[in-house]
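Chemist: Below are the structure tokens for one structure; questions will follow.
Read-outs throughout are calculated quantities, based only on the coordinates presented, and are distinct from any laboratory measurement. Because the structure is predicted, anything quoted here is derived from the model rather than measured. Don't worry about glycine lacking a Cβ; one is built from the backbone with ideal geometry, like all the others, and counts go over all protein chains shown.
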Amino acid sequence: MRFFALLAALLLSIGHTYAQTYEEYIQKSYDFLDKNDLVSAEESIKAAMHLEPGNPTNYALLSNLGTIQRRQGKLEEALVSYTAALSRQPKNTGILENRASLYTELGETEKALNDYTALLLIDPEHQEALYCRGLLYIQLKNFLWAEQDFDKILEVNEKSVRGRLGHAILEKLRGNYEMSERIYNYLISEMPRDWILYEGRADVYFMMGKNARAMADINRVFTESTPSAALYVLRGKIKLAQYEKEGAALDFAKAKQMGYDPEVIGELLKMTK
């Protein structure tokens, strides 16, 4: 009997050690993340799951792993991790949102739409999912469905910036520039230091031929924030319209360096010759 008692105690001790080690690996991953050591954080999570492959909380580790891989640019590996996490928790809205945004980044529009739609079946009032799905509908030129998603956001939260911003983008693409401008004016009056709004309004001004106003918004973003590649492209287009070809070429080259579509930049650069 004593032998079995000792054996039982030994097994319990081993089990406790494994549990502690599993938790330690997870804690190490957080520590590495604090130091921005993504490679080590990834390895720590993998070690934890290898130690206890049947642990029911591994879906959360897989989701974290996907995000860490994504931050490293390992997009396909991140997709595998998110998908594995969803195989264990298919109705987890956080993981669905992560995979949907990753599909969007990968250009897999239909798959992203499927994930956002699945998420919204679980949580019909999820404002971020409604906004992102609306933008995807805009890409597909399905303006009516996009409008319904933005309307739903405002139905849930009448003060939503996302809902109004979605409508501003939608009206611009419909060619309703004055309506889009009014929405941007309102949003900027409410949030004067939200620089993405100035970028959006500058694009509307450019479409309306109001280049001086567009440049005023662009210059403010360049002065107060970090401009995006798209903003360099927009400034380059305005310079082209003002026959400043050399300055336009420099802006287009900078946008390409920042990752903007090289084919689009190639066509724009032809116009600066």
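Chemist: Label points 7 Å out from Cα along the Cβ direction at GLU263 and THR226: separation in nm?
Modeler: 2.9
Chemist: When PHE32, PHE252, PHE143 are ordered from fewest to most other Cβ atoms inside 10 Å of their Cβ, what list results?
Modeler: PHE143, PHE32, PHE252
Chemist: Let me ask something else. Using θ = phi - 60° and the Karplus curve 6.51 cos²θ - 1.76 cosθ + 1.60, what whole-Hz ³J(HN,Hα) does each residue of the range 166-181 get, with Gly and Pro shown as x?
Modeler: x, 5, 4, 5, 4, 5, 4, 6, 7, x, 8, 5, 5, 5, 4, 4
Chemist: In addition: Note down the Stokes-Einstein diffusion coefficient of the range 20-123 in µm²/s, whole number, using a Kirkwood radius over alpha carbon pairs, 37 °C, and 0.692 mPa s.
Modeler: 236
Chemist: Suppose R0 equals 22 Å; then what is the FRET efficiency for LEU173 and GLU105 from their Cβ-Cβ distance, rounded to the nearest 0.05?
Modeler: Here the calculated transfer efficiency is 0.55.
Chemist: Would you mind counting up the charge near TYR205? Only other residues with Cβ under 9 Å from its Cβ, with Lys and Arg at +1 and Asp and Glu at -1.
Modeler: Combined, the nearby Lys, Arg, Asp and Glu give 0.
Chemist: With θ set to phi - 60°, apply the Karplus curve 6.51 cos²θ - 1.76 cosθ + 1.60 along the range 236-251 and write out the HN-Hα couplings as whole Hz, x wherever there is a Gly or Pro.
Modeler: These are the phi-based 3J(HN,Hα) values: x, 5, 5, 4, 4, 4, 9, 6, 9, 5, 5, x, 5, 4, 5, 5 Hz.
Chemist: Leaving out same-chain residues fewer than 8 places away, which lysines sit with a Cα under 19 Å from that of LYS254?
Modeler: List returned: LYS237, LYS239, LYS245, LYS270, LYS273.
Chemist: Still on this model: For helix 93-105, what angle does its Cα long axis make with the longest principal axis of the chain, in degrees from 0 to 90 and rounded to 10?
Modeler: 50
Chemist: Relative to the longest principal Cα axis of the chain, at what angle does helix 127-139 sit, 0 to 90 degrees, rounded to 10?
Modeler: Taking the Cα atoms of the chain, the angle to 127-139 is about 50 degrees.
Chemist: So between ASP123 and LYS141, what do we pick up on full extension, going 0.36 nm a residue minus the alpha carbon distance?
Modeler: That pair, ASP123 and LYS141, stretches by 4.0 nm at full extension.
Chemist: Compute the length gained on full extension between VAL156 and GLU190: take 0.36 nm times their separation in residues and subtract their Cα-Cα distance, giving the result in nm to one decimal.
Modeler: 10.3 nm
Chemist: Then there is this: Sorted from fewest to most neighbouring beta carbons within 10 Å, what does the list TRP145, TRP195 look like?
Modeler: TRP145, TRP195
Chemist: Could I ask something else about it? Using a Gaussian network for the chain with springs between C-alpha atoms less than 10 Å apart, which of these wobbles most: PRO56, PRO227, PRO90?
Modeler: PRO56
Chemist: Could you tell me which label, among (1) 48, 23, 16; (2) 35, 23, 18; (3) 72, 19, 15, carries the value of semi-axes √(5λ) of the Cα gyration tensor in Å calculated for this structure?
Modeler: (1)
Chemist: Pop a pseudo-label 7 angstrom from the Cα along the beta-carbon direction at both ALA253 and MET208 and give the gap in nm to one decimal.
Modeler: Output for this residue pair reads 3.4 nm.
Chemist: May I ask for the angle, rounded to the nearest 10°, between helix 143-156 and the longest principal axis of the chain, with both axes built from Cα atoms and the value confined to 0 to 90°?
Modeler: The helix 143-156 is inclined about 70 degrees to the chain.
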